[in-house]
1. Mind giving me the FRET efficiency for Glu77 and Ser171? R0 is 25 Å, r the Cβ-Cβ distance, nearest 0.05 is fine.
2. Taking 25 Å as R0, compute the FRET efficiency from the Cβ-Cβ separation of Arg284 and Glu239 and round it to 0.05.
3. Using 0.36 nm per residue, how much length does the chain from Glu45 to Arg216 gain when fully extended, once their Cα-Cα distance is taken away?
4. Note down the nm distance, to one decimal, between modelled labels 7 Å out along Cα→Cβ at Asp91 and at Ala183.
5. Pop a pseudo-label 7 angstrom from the Cα along the beta-carbon direction at both Ala272 and Gln197 and give the gap in nm to one decimal.
6. Provide Rg and Dmax in Å for the stretch 54-143, with only Cα atoms included in the calculation.
7. Tell me which GluC sites (Glu not before Pro) from the stretch 106-202 have a DSSP coil assignment and no more than 14 other beta carbons within 10 Å of their own.
8. Stretch Gln123-Asn60 to full length: gain in nm at 0.36 nm per residue minus the Cα-Cα span?
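Bear in mind that the values in this text are calculations on the coordinates, not laboratory data. None of the values given here were measured: they were computed from a predicted structure. Cβ placement follows ideal geometry from the backbone for every residue including glycine, while neighbour counts extend to all protein chains displayed.
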Amino acid sequence: MTDSPDAGPDPAEPDGVDAEADPVDAADAESDGDTDPDRDADRHEYHPDGEHGFPDDRLNEMLDRIESDPEITAYLEAQNVNPVDRKGYNDHGTKHVEIVRDRALRLYDLLKAGGVEFNGARQQGLDEADEPVIIALAATLHDIGHVVHRHDHPYYSIPLAADFLDDFLPSFYGVPDRVRIKAEVLHAILCHHTEEQPLTREAGVVRIADGLDMERGRSRVPYEEGGRGINTVSSQAIERVSLREGDETPAQVVIRMNNAAGVYQVDSLLKAKIEGSLLEDQIRTVAINTHRDSDGNGSIVDRIEL
């Protein structure tokens, strides 16, 4: 996750939200594909046995090792201590990494199916099958720098991930490819930080996926438990984040919320993640806000294009 200011009060209101709300009666909204919950089914997790728009054998072999590796397990537990136990922030451990990795692979799959070409592995002379490997490893290791400190953690992640990859990759690659895979993974880890500029679409996928872990109580914007500022209120407003094939773009992000304050999460984090990702033109973001009408008798659905 990217670093956000650790001090100072929550702002009173979100600023700079570039969105237009289109109120729709809930009954009329049932025919709108964006508001159909059935379309969201099975859209979160990567399934190794599923059909994908890319060669997946190498990725699936790598994932088996990742999920059983004791050093990765230890890092994912230890990296939660500084942000959660010592700073009082939200989860940055095992659950966060699982969500980011799954959504990164889901986003990559949608983009590949939509004909988007990736440049990281290709420019290194690697195979197409190495693209999802780079994404999965970077998503897994992107936050391990938290074991050193929350502040500037992306920079601490680099040497720690490099040491791990030196031990992990020889089981899968010879020396030349090992060096190139390592280089691309480290680039993607560094560029999940919005202060850095991704130079590959693989890095852009990891960067965006980090921002998609924002469902209720899981915002990547730090908030204090029990607080009442906009960071806290907005973090509780988002009920579901879904990735699906878009009508006009290869991928669409649909964010369901119960309070318009949730737009602050999208504008303050996800917008910054998408900008500069090299994927801005390939992704469309829609927020669906469901709330009671003025009489409290019915539901109104606001469809907000972001």
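1. With a Förster radius of 25 Å, E is 0.60.
2. The computed FRET efficiency comes out at 0.80.
3. Extra length from Glu45 to Arg216 when fully extended: 59.8 nm.
4. Each label point lies 7 Å from its Cα, and together they span 3.7 nm.
5. 1.8
6. Answer for the stretch 54-143, Rg first and Dmax second: 14.8, 44 Å.
7. Loop-located and lightly packed - Glu117, Glu128, Glu195.
8. 20.4 nm
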